[in-house]
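Here is the structure we will look at.
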Amino acid sequence: MKQPTRLGFGGIAIASLLHPLCVNADRILEEVIVTATKREQAINSIPVAVSAYTSSQMEQSGIRDVSELTAISPFISYGSTESSASGNLSIRGIGTLGTDPGLESSVGVFIDGVYRNRSGVAIDELGEVERVEVLRGPQGSLFGRNTSAGLIHVITKKPNMEELEGYAELTAGNYDLLQFGGAVSAPLIDNTLAGRIELVATQRDGFLEDINSSDTYNDRDRYMMRGQLLWHASDSVTARFILDYSDRKELCCGSPSSQKGNPLEDVTNFPNSRGDAGLDADDDPYDLKIATTSGRQQTEETEQAGLSAEVTWDLENSQLTSITAFREWEVVLEGDTDFSGADLLFYEEGSPRAQKFETFTQELRWQGAWDGGSWLVGVFFADEVLSGEFAPRYGADMNSYAQRYVNGAIPSVPNAYQTATTYPAGPVPSGSGAQAQFIGGEGIGDESEQNSESIAIFTQEDFDLTENLVLTVGARYTREEKDITINSVNGFSPIGTGPGGGGGNPCQAAAANAATAAATNQPAPTQAFYNGARDIVCGIAAITGPLISEGRYESDRKDTELTGTVKLAYTAEDGTLYFANVARGFKGGGFNQTRLSLLPLNSSGDSLGFDAEKADTFELGMKTYLLDRTLSLNTTLFYSRFEDYQLGQFDGITLKTFSIDEIDSEGVEIESLWRATEGLTVTGAVVYTNNRYPDDSNIDQVAPTTDGNLRAGAQLSKEWAATAGVTYSAPLTDKLAFIAHLDARYTGDYHSNSSLDNDFKEGAYTVVNGRLSVGDMGRNWVVEAWARNLTDTEYAPIQFDPPPIQGRGGNGRIGDFIGEPRTFGLTARRNF
């Protein structure tokens with residue numbers, strides 16, 4: 001079989017214009033070896049839409065975690081909201097839209113072959129890596145965990161079996177950044193056992209200043225440790241053991257406001273119990289000012305650890321691989337959660353919002369080659385326990401906020417708030433009886449646990465139809481079972497207690513009064529008043545789900561799916577690879593993890609569930625080398641249809657995941673690498689995506705926005721994204737070398753919120769990063785000056801409606817999760 005070795009688009013036209021008479025051998029591009037097909041192959045020889053980023057590319061761009069890959073990969077997008085644990089990765093504009101941990105990631109992340117449960121779980125210090133591979137489109141016939149949109153595979157640096165090596169690195173920068181990284185690797189037993197240990201620790205002040213305290217938010221206080229053993233047990237058996245631990249304790253995630261909302265929602269000058277400023281005085285989120293309630297820091301502590309063992313056994317004509325792993329991850333959120341200085345909502349110490357994953361995975365692969373092709377079969381098993389605590393509390397200012405809001409929204413009824421929340425409602429709004437009020441410190445204290453088991457059998461075979469034509473067929477059968485239990489506990493004062501004697505659940509009082517008005521056939525204006533007041537009061541209280549009864553809610557589900565792929569690859573005589581792929585992906589259904597998706601007065605947990613997501617993808621691609629192998633160029637045309645797309649959305653009363661019947665995704669991506677001279681390398685990539693809800697989509701029926709914004713036929717993600725990089729190296733003396741690097745990412749116009757309201761429409765922006773370094777010729781030591789977001793570009797990847805009034809699109813207050821401003825510093829590194 002002739003191996004396909006090149007990538008390209010429009011190669012003949014370009015080559016005819018640009019063809020050097022001779023090329024220095026040092027300019028010829030070397031093959032990048034990847035394991036995207038579970039075999040070591042040149043990236044340009046495989047019929048897969050895949051990109052690979054080397055350790056040097058990562059270092060030059062200052063990439064420390066998976067989320068920062070967006071600087072060099074236009075195919076990836078990332079955004080996070082109230083917690084970095086809720087971070088979402090997307091590929092080709094498709095990702096997981098929602099923050100509920102019950103939503104599995106459309107984009108899978110694997111680190112050293114081990115699956116990370118959610119995108120947010122994977123956002124951590126990476127340490128030294130060998131490369132990162134980004135595969136676009138559904139994956140499942142080669143990787144243990146199935147994904148519907150793509151996957152990111154991080155391969156970290158292995159122990160050195162031959163000699164002692166390592167590094168020590170110190171970085172200092174603005175916002176009082178201080179970072180240390182170091183690793184040492186050495187053979188422990190000649191040609192048999194080697195070890196490696198690495199530590200990375202980072203501290204940095206935040207760039208958002210709280211106007212009610214001296215605290216700065218979006219800071220960095222984290223460290224990561226990773227230890228490895230590489231064991232050559234025999235000539236045919238090799239084992240790699242990895243133990244890692246990381247910890248973060250940070251003030252996250254601050255959100256300034258770009259719109260204060262109507263006078264009823266605006267808390268800028270709202271009188272509050274602590275004398276704090278409610279919001280910054282202006283509507284400029286890029287003045288880096290936020291407001292939180294004094295004494296209620298928004299803290300986030302994340303801790304994770306894992307142990308994995310990868311064993312490879314080379315048989316006579318095949319290879320057997322086993323990857324066994326256990327991982328534990330936990331995040332705890334405490335403090336202010338209304339993103340203002342008004343004391344409205346919070347999570348207190350001891351009653352936080354918390355999530356915890358405990359996961360065991362086992363993957364077995366057996367692969368080999370035959371005359372005329374190759375084969376692979378595998379089994380994957382995962383056992384996951386997801387537990388959570390959800391205990392929001394009302395702040396001391398919640399009742400006065402609700403009173404101002406209801407009285408202002410319904411001025412035709414004097415003392416509307418008191419009337420609507422007073423038991424019992426009379427024949428006319430009388431205001432007699434006992435009034436329920438929001439009582440500071442009261443709320444709910446729910447606990448949940450979801451148990452999941454997944455087992456899959458997968459296979460992929462290559463058939464050499466001719467010397468130049470290869471057919472690939474892959475299949476996967478997946479069975480997933482999940483069950484969930486939510487124990488709901490209401491901490492509201494009962495009727496007959498509290499300041500007004502009506503208890504601490506005004507939503508329940510307003511709902512009861514509305515029901516009484518309807519049951520007793522009150523005049524239409526009276527019923528309209530009670531219904532409107534109920535909607536406002538219960539909307540303000542929505543984060544606590546106050547109409548849900550105490551009790552135990554349970555549900556279970558099972559999903560089975562057959563997915564697979566068919567690929568056809570043809571290698572032309574000039575080495576250009578042409579390929580066509582068809583693939584079906586799958587992401588299991590699941591459960592929302594909080595009471596917010598339960599139906600009031602329903603004793604079943606069935607309303608928690610949402611359906612499995614499926615994706616069919618079609619690709620046409622070419623890969624080639626041009627200009628005497630100094631330029632690589634590839635392109636892929638793609639079309640995908642997602643069925644039962646999982647969309648997380650706040651609907652004004654509850655936060656839940658909806659299954660949208662379908663979305664369509666189509667586009668083109670182009671990627672290139674050019675070694676222009678011996679010392680000058682240029683990279684570039686661009687992706688155009690047209691991701692839309694079809695005109696006949698059911699989204700406006702099953703997941704309507706509360707402001708009436710229609711989304712059928714609308715585009716749900718940006719159209720254009722592009723990256724470019726330039727690296728120039730040259731000797732300064734016979735002993736010193738100089739390297740300059742610049743990279744940029746362009747993001748086209750986009751909506752920063754899934755409601756697609758025009759108030760959330762953001763303009764295009766470009767972020768530029770740069771690095772200058774000087775070191776000895778062998779790069780045994782190097783000193784670097786660097787900057788990220790060099791031009792201090794202002795942008796907000798995600799905007800939202802802060803609580804307590806949510807789900808109003810752009811019609812209310814808007815909070816902004818903004819990108820980091822310009823950061824810069826110096827790094828000194830010693831390699832040995």
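The values are calculated or read from the model by the stated rules, or taken from the named source; none is laboratory data. Given the structure is predicted, the values throughout are model-derived calculations rather than measurements. Cβ placement follows ideal geometry from the backbone for every residue including glycine, while neighbour counts extend to all protein chains displayed. Just so you know, the surface numbers come from the protein's heavy atoms only, side chains and all, with ligands and any DNA or RNA stripped out. Shrake-Rupley method; radii C 1.70, N 1.55, O 1.52, S 1.80 Å.
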Answer from Thr472, Thr485 - the residue that is open to solvent by less than 30 Å² (accessible area, probe 1.4 Å), in contact with a Leu (Cβ under 8 Å, 6 or more places away or on another chain) and polar (S, T, N, Q): Thr472
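Inspect region 447-458 for any residue being among the aromatic types (Phe, Trp, Tyr) and within 41 Å of the chain's Cα centre (by Cα) and give the result as yes or no.
yes
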Residue identified as of a type outside the set (Phe, Trp, Tyr), open to solvent by less than 50 Å² (accessible area, probe 1.4 Å) and out of contact with any Cys (no Cβ under 6 Å at 6 or more places or on another chain) among Asp266, Asp314, Asp283: Asp266
Any hit, region 611-621, residues being outside any strand (DSSP E or B), modelled with pLDDT of 90 or more and surrounded by 17 or more Cβ atoms within 10 Å (Cβ to Cβ): yes
Looking only at region 700-736, and only at residues there that are in contact with a strand residue (DSSP E or B) (Cβ under 6 Å, 6 or more places away or on another chain) and either at positive phi or small (Gly, Ala, Ser) (or both), the one that is surrounded by the most Cβ atoms within 10 Å (Cβ to Cβ): Ala721
The listed residue being closer than 24 Å to Gly443 by Cα and over 26 Å from the mean Cα position of the chain (by Cα), out of Ser597, Ser607, Ser555, Ser549: Ser549
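Across region 184-202, which residue is farthest from the chain's Cα centre (by Cα) among those that are of a type in the set (A, V, I, L, M, F, W, C) and open to solvent by 10 Å² or more (accessible area, probe 1.4 Å)? Talk me through it step by step, then tell me what you get.
To start, the set of residues in region 184-202 that are of a type in the set (A, V, I, L, M, F, W, C) comprises 184, 186, 188-189, 193-194, 197, 199-201.
With the extra rule that they be open to solvent by 10 Å² or more (accessible area, probe 1.4 Å), the set shrinks to 184, 186, 188-189, 193, 197, 199, 201.
Details: Val184: 31, Ala186: 36, Leu188: 39, Ile189: 41, Leu193: 37, Ile197: 28, Leu199: 24, Ala201: 23 Å.
Checking each candidate, the answer is Ile189.
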Filter result for Glu678 (open to solvent by 30 Å² or more (accessible area, probe 1.4 Å), part of a strand (DSSP E or B) and in contact with a strand residue (DSSP E or B) (Cβ under 9 Å, 6 or more places away or on another chain)): no
Lone qualifier among Thr544, Thr526 - being surrounded by fewer than 23 Cβ atoms within 10 Å (Cβ to Cβ), hydroxyl-bearing (Ser, Thr, Tyr) and under 30 Å from Glu265 (Cα atoms): Thr526
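Quick test for you: out of Gly335, Gly388, Gly408, Gly378, pick the one residue that is on the phi > 0 side of the Ramachandran plot and either assigned to a strand (DSSP E or B) or open to solvent by 10 Å² or more (accessible area, probe 1.4 Å) (or both).
Working: Gly388 fails: on the phi > 0 side of the Ramachandran plot; Gly408 fails: on the phi > 0 side of the Ramachandran plot; Gly378 fails: on the phi > 0 side of the Ramachandran plot.
Step by step, each of Gly335, Gly388, Gly408, Gly378 is checked, and only Gly335 is on the phi > 0 side of the Ramachandran plot and either assigned to a strand (DSSP E or B) or open to solvent by 10 Å² or more (accessible area, probe 1.4 Å) (or both).
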Residues satisfying the stated conditions in region 203-226, i.e. open to solvent by less than 40 Å² (accessible area, probe 1.4 Å), under 25 Å from Ser257 (Cα atoms) and part of a strand (DSSP E or B): Arg204, Leu208, Asp210, Tyr217
Only listed residue being touching a Leu at 6+ places or on another chain (Cβ under 9 Å) and not hydrophobic (A, V, I, L, M, F, W, C), chosen from Asn521, Asn513, Asn581: Asn581
Single unsatisfied condition, Glu40 versus (1) in contact with a strand residue (DSSP E or B) (Cβ under 7 Å, 6 or more places away or on another chain); (2) buried (at least 19 other Cβ atoms within 10 Å of the Cβ): (2)
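Out of Glu358, Glu316, report the one residue that is in contact with a strand residue (DSSP E or B) (Cβ under 8 Å, 6 or more places away or on another chain) and among the acidic types (Asp, Glu).
Glu358
I want to confirm something. Restricting to region 746-770 and keeping residues that are among the acidic types (Asp, Glu) and in a loop (DSSP other than H, G, I, E, B), which single residue is least open to solvent (accessible area, probe 1.4 Å)?
Here is the first cut: in region 746-770, the residues among the acidic types (Asp, Glu) are 749, 757, 759, 762.
Okay, now just the ones that are also in a loop (DSSP other than H, G, I, E, B), so 749, 757.
Numbers: Asp749: 93, Asp757: 16 Å².
That would be Asp757.
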Candidate set: region 286-300, residues that are in contact (Cβ under 8 Å) with a residue 40 or more places away in the chain and surrounded by fewer than 20 Cβ atoms within 10 Å (Cβ to Cβ); chosen: the one farthest from Leu333 (Cα to Cα): Tyr286
Given (1) crowded, with 17+ Cβ neighbours inside 10 Å; (2) over 17 Å from Gly79 (Cβ atoms); (3) modelled with pLDDT of 95 or more, number of the condition Trp781 does not satisfy: (1)
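In the set Ala305, Ala342, Ala325, which member is in contact with a Phe, Trp or Tyr (Cβ under 6 Å, 6 or more places away or on another chain), in contact (Cβ under 8 Å) with a residue 60 or more places away in the chain and either under 18 Å from Gln228 (Cα atoms) or among the charged types (D, E, K, R) (or both)?
Criteria check complete, one pass: Ala305.
Would a scan of region 305-312 turn up a residue that is in a strand (DSSP E or B), at pLDDT 95 or above and either of a type in the set (Asp, Glu) or in contact with a helix residue (DSSP H, G or I) (Cβ under 9 Å, 6 or more places away or on another chain) (or both)? Walk me through how you get there before you give the answer.
Here is the first cut: in region 305-312, the residues in a strand (DSSP E or B) are 305-312.
Cutting the leftovers down to at pLDDT 95 or above gives us 305-312.
Add one more test, that the residue is either of a type in the set (Asp, Glu) or in contact with a helix residue (DSSP H, G or I) (Cβ under 9 Å, 6 or more places away or on another chain) (or both), and what stays is 310.
Yes: region 305-312 contains one or more residues that are in a strand (DSSP E or B), at pLDDT 95 or above and either of a type in the set (Asp, Glu) or in contact with a helix residue (DSSP H, G or I) (Cβ under 9 Å, 6 or more places away or on another chain) (or both).
Restricting attention to region 771-806, report how many residues are in a strand (DSSP E or B) and either on the phi > 0 side of the Ramachandran plot or within 25 Å of the chain's Cα centre (by Cα) (or both).
If we filter region 771-806 for residues that are in a strand (DSSP E or B), which is where we start, we get 771-776, 781-788, 798-800.
Cutting the leftovers down to either on the phi > 0 side of the Ramachandran plot or within 25 Å of the chain's Cα centre (by Cα) (or both) gives us 787-788, 798-800.
Of the residues in region 771-806, 5 are in a strand (DSSP E or B) and either on the phi > 0 side of the Ramachandran plot or within 25 Å of the chain's Cα centre (by Cα) (or both).
Can Leu243 be described as within 27 Å of the chain's Cα centre (by Cα) and of a type in the set (A, V, I, L, M, F, W, C)? Even if it seems obvious, please write down each step before you answer.
Values: within 27 Å of the chain's Cα centre (by Cα): yes; of a type in the set (A, V, I, L, M, F, W, C): yes.
Criteria met by Leu243.
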Of all residues in region 133-151 being surrounded by 24 or more Cβ atoms within 10 Å (Cβ to Cβ) and part of a strand (DSSP E or B), the one that is farthest from the chain's Cα centre (by Cα): Gln139
Candidate set: region 582-593, residues that are open to solvent by less than 10 Å² (accessible area, probe 1.4 Å) and in a strand (DSSP E or B); chosen: the one nearest to Asp464 (Cα to Cα): Gly585
Pairs where the first residue, in region 216-244, is under 27 Å from Leu193 (Cα atoms) and the second is outside any strand (DSSP E or B) and among the small types (Gly, Ala, Ser), C-beta under 7 Å, 6+ apart: Met224/Gly127; Arg226/Gly127; Ala239/Ala233
